[in-house]
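So the structure is just underneath, and the comments pick up after that.
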Amino acid sequence: MKYRIALVPGDGIGPEVCGAAAEVVKAVSDSFEFNTYLAGGCALDKFGVPLPQETIDGCLASDSVLLGAVGGPKWDDVPNHMRPEKALLGLRKELGLYTNLRPASIQPALAEACVLRPDIAAKGFDLMIVRELTGGIYFGERGRNEAGDAAYDTEAYSVMEIERVARRAFETARKRGGHVTSVDKANVLETSRLWRETVHRLGESEYPDVRLDDMYVDNAAMQIIRDPSFFDVLVTSNMFGDILSDEASQVTGSIGLLASASLGDSSRGMYEPIHGSAPDIAGKDIANPIAAILSAAMMLRYSFDLSKEADAIEKAVTDVLTDGLRTADIKVPGQEDWIKGSEMKAAILKKLGRE
Ligand code: IPM
Ligand code: MG
């Protein structure tokens with residue numbers, strides 16, 4: 001029997017990069033079958049809603065989900081509850097994906113793209129942001145007063161919600177550098193005080209072998225630029241993780257390379273590049289498929305325990321970069337000989353022994 005993968009290509013460059021990722025998965029294993037579902041702006045155009053029930057059901061009936069990206073200026077003026085982004089938030093909630101793993105590291109072959117001071121960049125860094133994904137202010141109660149001249153959003157967290165994502169952070173740290181930094185704003189927010197207490201209680205009782213420290217989110221934002229090699233695993237709330245993960249990815253200088261995994265209690269996850277739908281370059285075969293391809297490698301590793309196949313994909317990506325192949329987003333200034341997205345995919349397939 002084959003594993004079922006739900007492909008949710010979405011909008012903009014989503015279909016190009018998601019298709020490339022599916023091809024790469026097929027190249028390393030014949031244990032998968034793919035079904036495509038619409039979500040985001042394309043679903044809104046076709047079905048009148050950003051997240052059709054058919055897509056939710058299809059994802060729930062699958063063993064894992066590969067997603068491209070959603071959104072674009074075409075849908076900027078639709079009512080809030082119809083925005084393409086709602087599809088992403090809805091899928092995370094419906095699939096119970098409360099943890100988001102966002103790795104950011106410097107690829108040695110691309111060290112020159114890193115935006116850090118050269119002596120700091122030379123040290124390199126490899127951090128993992130563990131972001132809470134189905135709670136906090138993105139899912140809290142929100143609204144406006146009757147006059148419409150005041151609005152509110154609510155941040156709320158329970159011990160259960162904090163514990164389950166913190167547990168994932170401690171487990172992740174055990175397989176990496178053994179260090180967790182819990183990021184909050186406990187000098188101001190009550191939710192952050194509960195966050196900090198809960199993470200410490202769990203750390204002391206179940207993970208005494210993992211080094212745990214805390215940082216306020218504003219200081220963490222500075223530390224990522226000052227010297228990100230301080231970090232191993234960061235664990236933080238939904239909104240703080242959203243912001244810090246974009247910051248960390250941009251610091252690497254190659255956001256077109258960064259993957260993510262959204263996980264819950266079962267082995268079914270949702271895997272997506274973090275770069276978004278980039279509507280300005282959609283359909284031009286410029287988009288770098290590497291982030292989506294590396295997301296597929298994360299899927300093989302985390303959802304299916306296929307670490308040999310995941311290693312092979314990651315090695316193929318490192319090899320093409322070491323060979324000097326560059327898509328437009330990762331070329332050095334002045335470089336003329338950049339390749340198209342489809343050529344990058346073909347080069348990776350070739351490294352995997354498929355032409
Ligand atoms: C992300 C995105 C989403 C988020 C948006 C599109 C809802 O920014 O995946 O980081 O905030 O989670
Ligand atoms: Mg974001």
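The values are calculated or read from the model by the stated rules, or taken from the named source; none is laboratory data. Everything quoted here is computed from the prediction, not taken from an experiment. Don't worry about glycine lacking a Cβ; one is built from the backbone with ideal geometry, like all the others, and counts go over all protein chains shown. SASA here: full protein model, heavy atoms, side chains in, ligands and nucleic acids out. Shrake-Rupley method; radii C 1.70, N 1.55, O 1.52, S 1.80 Å.
Things to note:
Conditions tested, residue by residue: (1) at pLDDT 95 or above; (2) in contact with a Cys (Cβ under 7 Å, 6 or more places away or on another chain); (3) of a type in the set (Gly, Ala, Ser).
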{"position": "190", "(1), (2), (3)": "yes, no, no"}
{"position": "217", "(1), (2), (3)": "yes, no, no"}
{"position": "238", "(1), (2), (3)": "yes, no, no"}
{"position": "254", "(1), (2), (3)": "no, no, yes"}
{"position": "257", "(1), (2), (3)": "no, no, no"}
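- Residue 17 open to solvent by 20 Å² or more (accessible area, probe 1.4 Å) and assigned by TED's automatic domain parsing to the domain that holds residue 314: no
- Among the residues of the range 256-311, the one identified as in a helix (DSSP H, G or I) and aromatic (Phe, Trp, Tyr) is 302.
- Listing of strands (runs of 3 or more DSSP E) fully contained in the range 97-155 that carry 2 or more residues being under 20 Å from the mean Cα position of the chain (by Cα) and modelled with pLDDT of 95 or more: 99-105, 126-132
- Any hit, the range 195-207, residues being within 16 Å of ligand 1 (Cβ to nearest atom), open to solvent by 30 Å² or more (accessible area, probe 1.4 Å) and either in contact (Cβ under 8 Å) with a residue 12 or more places away in the chain or assigned to a helix (DSSP H, G or I) (or both): no
- Among residues of the range 216-264, those that are of a type outside the set (A, V, I, L, M, F, W, C), open to solvent by less than 30 Å² (accessible area, probe 1.4 Å) and more than 11 Å from ligand 1 (Cβ to nearest atom), counted: 11
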